[in-house]
1. Summing +1 for each Lys or Arg and -1 for each Asp or Glu, what net charge is found among the other residues whose Cβ lies under 14 Å from the Cβ of residue 255?
2. If the elastic network links every pair of Cα atoms under 10 Å, which of 330, 135, 164 fluctuates the most in the Gaussian network model of the chain?
3. Might you report the magnitude of the Cβ-based charge dipole of the chain about its Cα centre, with Lys and Arg at +1 and Asp and Glu at -1, to the nearest 20 debye?
4. Give me, ordered by chain and number, the residues 5 or more places off residue 115 or on other chains with an amide H under 5 Å from its own placed amide H.
5. Exceeding 26 Å between C-alpha atoms, which entries from my cross-link table qualify? They are 121/244; 244/318; 110/318.
6. In degrees, nearest 10, range 0 to 90: what is the angle between the Cα axis of helix 242-252 and the longest Cα principal axis of the chain?
7. If exposed means no more than 16 neighbouring beta carbons inside 10 Å and the site is in a DSSP loop, what's the longest run of the chain without any exposed chymotrypsin sites (Phe, Trp or Tyr not before Pro)?
8. Around residue 338, which amide H atoms from residues at least 5 apart in sequence, or from another chain, sit under 5 Å from its own amide H, with H modelled in the peptide plane?
Amino acid sequence: MQEALSGRSRMAGLEVYLPPARLDTSAVEQRIAESSPGFRVPRGLIHRVTGIRTRSVMADTEQASDLAAHAAAKLLAQCGLQATDIGLLIFASASQDMVEPATAHMAAAKLGLSCPVMDVKNACNSFLNGLEVADALIASGRYSRIMVVTGEAPSRAVRWAVPDFATFTSSFPGYTMSDGGAALLLEAVPPAGEQGDAAAGPEGVLATAFTAKSSHWSVGTLAAGGSAYPRDPEASYFSMDGEKLKDAFLDLGCGILDDTLDRMGLQWSDFAVVCVHQVSAPYREIFAARAGVAPELLVPTVEEFGNLASASLPLQLKVAMDTGRCAPGDLVALVGLAGGVSLGMAVVRL
């Protein structure tokens, strides 16, 4: 067990892994057509509705834990760390290798880790919730260094054989999804570094905040494998009512974002970038407009990378860092939306 100082956590490193295989949206439509005698997707429909041009697809031999382990191995090398330097591994993902054991065990075994592990799961907000849990554990003094990883493998739950337009519509989320992994290293900030306010203070995770309207859980599901549908093949595909999901997020509102900014004395213009979970290009713009986020603060990724579920936010932050849009000392916001439904935010100074 590591000794830890009580205090705030900081981001000490971030890496992303995307499988090299790519699948264009036109190829998605072609595969549906080949698998669905008597049904044809209107040509170009998926791109027109989502803006997505291409996405990553994992190899048949890969699992969700492999995607997480690839990103984590890159991160360990980037930070010059060994397996023994990690105090806790959190696998925070909508995907998993299997129902039991926790996928964190598989990822840890592939990395040669011997530390405690756990899974955190909350649909597309899993990684953001994993960050929240890790930050709280570091702040409590329990650990000094935690790695949060995700491995998203939604390509395994796409319905390709579509008998009719109603089935196509309910299965539509699968045609937007992309496979990928990400890894984040959080370390304790010594108490001596805890001076200043949100507008001019030191690095670290400055705030996290979440809200949920769980009465809307049924509007989007991947139901197989649990007690409700333990062996039903039909439950092994994404199923979602897009209009009801949009209404659910409207019901959820943006109050948690406004309250967090007010509490910290911040405005969106104080941030270098605002990373917002992206299910499609149009909805990214709609949500940002409703939340009052200027378009130039966004980090568009869904067009070229697809909907990466919980890996969407770390991908956006990594892209922003690699392209010089944010740097040490900058404020960044991570805003997550997820089925269930939930909305969350993390405010971080790099």
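1. Numbers: positive: 213, 263, 290; negative: 251, 258, 259, 262.
Neighbourhood net charge equals -1.
2. Its mean-square fluctuation being the largest, the pick is 164.
3. Values: 26 positive and 37 negative charges, 81 e Å.
Its charge dipole is roughly 380 debye.
4. Placed amide hydrogens put nothing under 5 Å from residue 115.
5. Working: 121/244 22 Å; 244/318 32 Å; 110/318 23 Å.
Too far apart for the 26 Å limit: 244/318.
6. In the chain, helix 242-252 runs at an angle near 30 degrees to the longest axis.
7. With a cap of 16 other Cβ atoms within 10 Å, the longest stretch comes to 161-350.
8. It is none; the list stays empty.
The values are calculated or read from the model by the stated rules, or taken from the named source; none is laboratory data. For clarity, every value in this text was computed on a predicted model and none was experimentally measured. Cβ sites come from the backbone with ideal geometry, for glycine too, and all protein chains shown count toward neighbours. Surface areas here come from the heavy atoms of the whole protein model, side chains and all, with no ligands, DNA or RNA. Shrake-Rupley method; radii C 1.70, N 1.55, O 1.52, S 1.80 Å.
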